[in-house]
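Q: Quick one: structure below, then a few questions.
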Amino acid sequence: MHRQISLTMPISPCIVELRTAIKNELVLTTLASSITLPPGTIAADVRDDIICVHAITNKVAGGLISGEMEKRVSAIYQND
């Protein structure tokens, strides 16, 4: 499968700052890496409790705001 980027692609790139309750650096790094896995998102920066994410569309960015990824990553480290 070959896909080219063109001017007619329905993209609306945006930067989203996600505030997280995670304080542990390992867990925060895991969350940032997990955000980068789905197509259309890149964790661009992590500072304190904020992860700066570049998303290719507003819809993709909206999916991050639900906090589901943070819940899943936190659950993995729950017993540590």
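The values are calculated or read from the model by the stated rules, or taken from the named source; none is laboratory data. Quick caveat: nothing in here was measured; it's all calculated off a predicted structure. Don't worry about glycine lacking a Cβ; one is built from the backbone with ideal geometry, like all the others, and counts go over all protein chains shown. Please note that ligands, DNA and RNA were not included when accessible areas were found on the heavy atoms of the full protein model with its side chains. Shrake-Rupley method; radii C 1.70, N 1.55, O 1.52, S 1.80 Å.
Q: Sticking with the crude label model, points 7 Å out along Cα→Cβ, report the distance from residue 24 to residue 37 in nm, one decimal please.
A: For the pair residue 24/residue 37, the computed spacing is 1.7 nm.
Q: Please give the per residue accessible area of the chain, computed with a probe of 1.4 Å over protein heavy atoms only, in Å².
A: With all protein chains present, the chain gives 75 Å² per residue.
Q: Related question: If each residue of separation counts as 0.36 nm, what is the full-extension length gain between residue 11 and residue 52 once their alpha-carbon separation is subtracted?
A: 12.9 nm
Q: In debye, nearest 20: dipole of the chain around its Cα centre with unit charges on the Cβ of K, R (+) and D, E (-)?
A: Dipole size: approximately 300 debye.
Q: Next question, about the same structure. If you build a Gaussian network model of the chain, linking Cα atoms that sit under 10 Å apart, which residue out of 61, 44, 32 swings the most?
A: Result: 44 has the largest fluctuation of those listed.
Q: Let me ask something additional. Taking the simple approach of a point 7 Å from Cα along Cα-to-Cβ for both residue 76 and residue 59, what is their distance in nm?
A: 2.6
Q: Compute the longest continuous run of the chain that contains no exposed trypsin sites (Lys or Arg not before Pro); treat a site as exposed when its DSSP state is not H, G, I, E or B and it has at most 16 other Cβ atoms within 10 Å.
A: 24-80
Q: Return the label of the correct value of semi-axes √(5λ) of the Cα gyration tensor in Å, as calculated from the structure shown, out of [x] 19, 16, 11; [y] 21, 13, 10; [z] 27, 13, 10.
A: Answer by label: [z].
Q: Sticking with this one: So, with a 1.4 angstrom probe, what is the percent of accessible area on the chain that is carbon and sulfur?
A: Heavy-atom surface of the chain belonging to carbon and sulfur, 1.4 Å probe: 58 percent.
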